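FYI, it's all coordinate maths here, none of it is from the lab. For clarity, every value in this text was computed on a predicted model and none was experimentally measured. Here Cβ is always computed from backbone atoms with ideal geometry, including for glycine, and neighbour counts include all displayed protein chains.
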Ligand code: PLP
């Protein structure tokens, strides 16, 4: 069994963040570990408050794992500010784990900001070069590249621009476009497109976290990036199709279906 780590925020309602990541790792037969960067008080309707974990403690959590346990893959999710992001980048550069998948989390579906815009520069200069795979959605890719994305061609240009910032593979997720969603993967040589079926449901809380965790677990389990993305997309589609009617808002995807 491979040991897989998530460095991310905690969603007390269990649908996104650390909780989604650990469930996804488990569903992929991996041993899940967590470095908690922030405790988010949230539910299926809204984010209520965010408590950042002190940087020294996040740093200690990372050291505690890497000084003791072999890590086959790392998913990076919510890093709310510049200081946390700088430290996480420095620690990843120090330990050089394989299969680092970075989900550049910025805003929750309800509109609440999960990343201070002042951290953008650190994301671009220090985090992105550490990514084996970066998984921005369209709004995140727009913020990272500073360019509007309206077409598949724009998605390809954004993937290329982010690749040039240092990520080895870039998956721009097309779910924010109307109609059938297409995701674009750029590996520095060619574009691969992954077409999906639009699943009509309001219960999509945590889909981005789940996808990036599934890609990480698949890579840790030895799949190629192309197979890791294909299989992760299939897993997330099933998790959305079988989503749970929990709470009054956007219910969570079902990690075990
Ligand atoms: N809460 C946490 C801790 C997250 O890391 C994320 C996204 O990565 C979200 C909430 C957002 O979840 P969603 O936009 O799917 O509702």
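A few notes on this one:
- What the Cβ-Cβ distance of residue 161 and residue 112 gives, at R0 = 30 Å and to the nearest 0.05, is a FRET efficiency of 0.65.
- Residue ranges 77-87, 190-200, 44-54 sort as 77-87, 44-54, 190-200 when ordered by packing (mean number of other C-beta atoms within 10 Å per residue, highest first).
- Summarising the label geometry, the points placed 7 Å from Cα in the beta-carbon direction at residue 150 and residue 241 lie 3.5 nm from one another.
- Packing rank of 33-40, 207-214, where each peptide gets the mean count of other beta carbons within 10 Å, highest leading: 207-214, 33-40
- Inter-site label distance for residue 31 and residue 248 at 7 Å from Cα along Cβ, in nm: 4.3
- Global form of the chain, assessed from the alpha-carbon gyration tensor, a/c cut-off 1.5: rounded
- Antiparallel bridges, percent of DSSP beta bridges restricted to the chain (to nearest 5): 40
- For the stretch 1-43, the fraction of alpha-carbon pairs in successive 10 Å shells from zero, as %: 35, 50, 14, 1
- Contact order normalised by residue count of the chain, Cα under 8 Å, 6+ apart, percent: 19
- Using the Cβ-Cβ distance between residue 198 and residue 67 with R0 set to 41 Å, the FRET efficiency works out to roughly 0.35.
- Packing around the peptides 19-30, 137-148, taken as the average count of other Cβ atoms within 10 Å per residue, puts them in this order, highest first: 19-30, 137-148.
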